[in-house]
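Working notes for the structure below.
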Amino acid sequence: QVQLVESGGALVQAGASLRLSCAASDPTINTYYTAWFRQAPGTERVFVSGITRKGVRTYDTDSVKGRFTVSRDSSKNTVYLQMNNLEPEDTAVYYCAAASIVDDPRREGEYEYWGQGTQVTVSS
């Protein structure tokens, strides 16, 4: 089974930047579509961004496009989410997910593998 481990979450002030990492020791992860989801307290988990094995990116909203960047480093078997100009509304647990085949990347059911999440908290 592919093991995914998120890291990089922290408590920061509004306007700060963070880079989240999703790491796997198995290089098979580099052939999968990999995505970031987030879940705020009392809400459903929602899609944030995803990236194909070729580096084609998808973002959820225009505001996210302007502040967040998803990337991958195949040499490290790792996918990143660079988050700039963080807002309190970004507070959530951020999850990494991966799938060998994706139809609609925004649907949780598309993904075969999930990490345990990393907490991002943004204060005003």
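Read the figures in this text as sums done on the coordinates, not as results from a lab. A quick note: this is a predicted structure, and the numbers were derived from the prediction, not measured. Cβ: placed from backbone, ideal geometry, glycine included. Neighbour counts: every protein chain shown.
Going toward the positive end of the dipole of the range 1-86, with +1 on Lys and Arg Cβ and -1 on Asp and Glu Cβ, which of LEU20, TYR59, VAL48 do you reach last? Positive-most Cα among the choices belongs to TYR59.
The helix-based estimate of mean residue ellipticity at 222 nm for the chain, built from -39,500 (n - 2.57) per DSSP H run of four or more residues and divided by its residue count, is -1000 deg cm²/dmol to the nearest 500.
Here each label is just a point 7 Å from Cα along the line to Cβ, and for ASP104 and GLU87 those points are 2.5 nm apart. Just so you know, the Rg over Rh for the chain is 0.94, from Cα atoms, with Rh as the Kirkwood radius.
Gap in Å between the Cα centre of the range 98-122 and the Cα centre of the range 17-32? About 12 Å separates the Cα centre of the range 17-32 from the one of the range 98-122.
Counting Lys and Arg as +1 and Asp and Glu as -1, each charge on the Cβ, what is the dipole of the chain about the Cα centre in debye, to the nearest 20?
Working: 12 positive and 14 negative charges, 79 e Å.
The dipole magnitude comes to about 380 debye.
Report the local net charge at ARG38: Lys and Arg +1, Asp and Glu -1, summed over other residues whose C-beta lies under 9 Å from its C-beta.
0
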